[in-house]
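See structure below.
The values are calculated or read from the model by the stated rules, or taken from the named source; none is laboratory data. As the structure is a prediction and not an experimental result, all values here were calculated from the model. So basically every Cβ, Gly included, is an ideal-geometry build from the backbone, and we count neighbours across all protein chains shown.
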There are 2 protein chains.
Amino acid sequence: MQVPQFADIEKAHRLIEPYIHRTPVLTSKSINQIVGAELFFKCENFQKVGAFKFRGACNSVFSLSEDEARNGVCTHSSGNHAAALALAAQMRGIAAYIVMPENAPEIKKKAVAGYGAQITFCKPTQGARESTLRKIAAKTGATEIHPYNYFNVICGQGTAARELIEDAGPFDMVMCPVGGGGLLSGTAISTKALLPGANVIAAEPAGADDAFRSFHQKQRLPSVNPKTIADGLLTSLGELTFEIVVNRVDDIVTVSEENIVAAMRMVWERMKIIIEPSSAVPLAAILENKVDVKGKRVGIILSGGNVDLGKLPF
Amino acid sequence: MQVPQFADIEKAHRLIEPYIHRTPVLTSKSINQIVGAELFFKCENFQKVGAFKFRGACNSVFSLSEDEARNGVCTHSSGNHAAALALAAQMRGIAAYIVMPENAPEIKKKAVAGYGAQITFCKPTQGARESTLRKIAAKTGATEIHPYNYFNVICGQGTAARELIEDAGPFDMVMCPVGGGGLLSGTAISTKALLPGANVIAAEPAGADDAFRSFHQKQRLPSVNPKTIADGLLTSLGELTFEIVVNRVDDIVTVSEENIVAAMRMVWERMKIIIEPSSAVPLAAILENKVDVKGKRVGIILSGGNVDLGKLPF
């Protein structure tokens with residue numbers, strides 16, 4: 001199992017810089033007053049397709065050789081990774097085959113189709129998704145790009161923390177949410193390389209706490225029936241991301257659904273920006289006093305901004 | 001009646017620059033594709049107190065002589081101007097007396113009180129508001145700062161268009177919403193001075209169309225019973241703002257409530273920023289084909305971002 005190093009993230013950054021947005025880092029005086037710290041928010045909600053996922057997808061697509069690229073890329077996803085991979089493939093001018101559960105939200109199907117991907121629908125089970133994907137990969141020769149447990153995806157995601165530190169660092173602490181661990185792995189590698197003295201802290205919904213349990217028990221313990229409003233964080237750590245997280249992250253804490261909604265609302269009201277529930281999880285951990293930030297400079301990655309305005313939790 | 005000139009806006013800008021945010025100008029590739037133009041959005045939703053109103057309030061407060069300032073400032077308002085004036089007064093360290101209707105939303109009362117203003121509640125009628133304000137002004141000697149029909153307020157509001165043009169101009173057209181006309185007056189003065197060839201176009205809800213009627217009939221015709229979701233635009237032009245608007249604005253168009261909500265939703269979904277309904281009115285006019293922007297560079301002022309998340313129109 002090859003573990004990415006910071007040099008791999010630097011290489012990814014050079015490769016994807018022409019395609020990604022260098023998203024802004026925003027601050028809020030009133031949130032700083034409430035929490036008694038200086039928080040710096042890296043706004044990946046403003047990234048292309050509305051999420052950091054575009055970084056990893058872009059790096060994966062543009063890292064393929066000409067021969068590999070010719071057959072396209074494929075994945076199964078009902079979320080931001082599907083849209084990100086579809087757009088990255090469109091930018092390189094290659095095919096993207098996306099397996100989606102037939103009950104995926106219409107808006108997500110439209111987004112993926114809008115980027116020119118070829119969608120195959122399947123029953124909404126993990127087994128059906130995986131077997132459908134295997135068939136498509138066999139038929140087309142497309143390269144499978146896993147949403148997080150994949151070297152080049154992790155390298156791409158690590159560029160967000162690198163930009164955050166370059167543009168607003170140094171920090172005492174860098175925080176991000178954790179689902180499958182792609183963003184957290186990249187964040188930990190970049191942060192430990194650029195700011196060896198800074199802590200890397202991840203936050204996870206209590207209802208989908210596999211990373212919390214896996215990290216503290218030092219063995220991979222996937223979630224069985226995760227449930228949370230933070231729909232980007234339902235996935236469990238993979239073998240590669242577990243390896244990186246357990247070795248490079250300083251702590252993982254969990255938060256309640258109630259505090260996720262409160263943190264999300266605080267960002268919407270005070271900062272006037274739209275973030276999805278997953279993005280609010282680190283601030284929720286601060287509001288819940290799970291992380292001591294008093295007097296510290298803290299970098300936080302806001303992972304995305306894709307919400308269904310017809311189904312808001314307010 | 002003294003009409004502000006661009007030199008007065010430049011002077012206001014020098015005075016308030018240490019206190020205001022120089023808000024960003026954002027673009028959206030997908031909205032540009034939809035409308036077939038290049039739109040540049042000046043984000044006053046990120047301004048202090050969440051609205052452009054802080055510019056005019058700040059200029060009015062800091063333009064007072066020491067003698068005048070000693071007695072404080074006063075106004076009647078249930079909206080963004082009240083919060084803006086309260087914060088500006090707090091920054092100068094003087095008293096702000098705000099008359100609010102007793103049925104004003106709790107969140108607005110709290111915001112104004114949070115900035116240290118002294119609030120007097122009255123019956124929710126125009127008569128009660130004016131008579132209560134007169135009594136307070138007589139008792140305290142405070143200077144009344146009208147929300148729009150006031151020289152220094154107009155000069156402050158004009159700094160937003162100046163920044164927009166400096167940071168992202170030139171434009172073929174500059175657009176903003178119109179309520180009482182303070183923002184539109186300042187926008188017209190700045191734009192005609194900096195870009196004499198550009199058109200200044202205002203958009204107004206059809207349900208509160210006094211500026212539209214007044215402009216086209218060249219006489220001031222206040223609204224009798226205005227009704228619109230764009231709650232910042234319920235007011236009618238004053239004598240001073242009418243004078244400026246009728247002489248310097250190229251056109252005023254009206255839009256439906258439906259298109260205001262559609263435009264607001266488009267900005268939320270595509271740009272991931274929170275704007276209030278009033279901010280969406282110019283884009284609504286473009287979506288409604290009331291303004292021809294095809295192939296043009298258009299500057300648009302997003303007036304504010306204060307919405308009640310518990311009462312969204314989606």
* State whether the residues of region A:151-165 include one that is modelled with pLDDT of 95 or more and more than 30 Å from A:LYS290 (Cα to Cα). => yes
* Structure fact -> Expected single match for surrounded by fewer than 24 Cβ atoms within 10 Å (Cβ to Cβ), outside the structural domain of B:TYR115 (by TED's automatic domain parsing), assigned to a loop (DSSP other than H, G, I, E, B) and at pLDDT 95 or above among B:HIS13, B:HIS21 is B:HIS21
* Would you point out the residue of region A:20-37, among those that are within 15 Å of A:LYS296 (Cβ to Cβ) and more than 23 Å from the chain's Cα centre (by Cα), that is farthest from the other protein chains (Cβ to nearest Cβ)? => A:ALA37
* Inter-residue pairs, beta-carbon under 6 Å, first in the same structural domain as B:ALA285 (by TED's automatic domain parsing) and in contact (Cβ under 8 Å) with a residue 40 or more places away in the chain and in region B:204-216, second surrounded by 19 or more Cβ atoms within 10 Å (Cβ to Cβ) and charged (D, E, K, R), 6+ apart -> B:ALA211/B:GLU204; B:PHE212/B:GLU204
* **Any chance B:GLY295 is at positive phi and touching a residue at least 60 places away in the same chain (Cβ under 8 Å)** => yes
* Do you know which of the residues in region A:268-312 that are assigned to a helix (DSSP H, G or I), modelled with pLDDT of 95 or more and within 13 Å of another protein chain (Cβ to nearest Cβ) is nearest to A:ALA188 (Cα to Cα)? -> A:SER279
* Asked: Before we move on, is A:CYS58 in a helix (DSSP H, G or I), of a type outside the set (A, V, I, L, M) and touching a residue at least 12 places away in the same chain (Cβ under 8 Å)?
  -> yes
* Structure fact -> Checking A:LYS123, A:LYS110, A:LYS139 in turn, the sole residue that is surrounded by fewer than 20 Cβ atoms within 10 Å (Cβ to Cβ) and over 28 Å from A:PHE62 (Cα atoms) turns out to be A:LYS123
* Asked: Looking at region B:38-51, which of the residues that are over 14 Å from B:ILE301 (Cβ atoms) and more than 10 Å from every other protein chain (Cβ to nearest Cβ) is surrounded by the fewest Cβ atoms within 10 Å (Cβ to Cβ)?
  -> B:GLU38
* To do: Just give me the residues in region A:92-107 being surrounded by 15 or more Cβ atoms within 10 Å (Cβ to Cβ) and within 30 Å of A:VAL3 (Cα to Cα), in sequence order.
  => A:ARG92, A:ILE94, A:ALA95, A:ALA96, A:TYR97, A:ILE98, A:VAL99, A:MET100
* Which of the helices (runs of 4 or more DSSP H) contained wholly in region A:126-244 include at least 3 residues that are more than 23 Å from A:ILE286 (Cα to Cα)? -> A:126-140, A:151-168
* To do: Answer yes if at least one residue in region A:254-263 is surrounded by fewer than 23 Cβ atoms within 10 Å (Cβ to Cβ), touching a strand residue (DSSP E or B) at 6+ places or on another chain (Cβ under 6 Å) and either under 23 Å from A:SER77 (Cα atoms) or touching a residue at least 12 places away in the same chain (Cβ under 8 Å) (or both), and no otherwise.
  => yes
* Taking B:ILE286 and the conditions (1) closer than 23 Å to B:GLY197 by Cα; (2) in contact with a strand residue (DSSP E or B) (Cβ under 7 Å, 6 or more places away or on another chain), which numbered condition does it fall short on, given that it satisfies the others? -> (2)
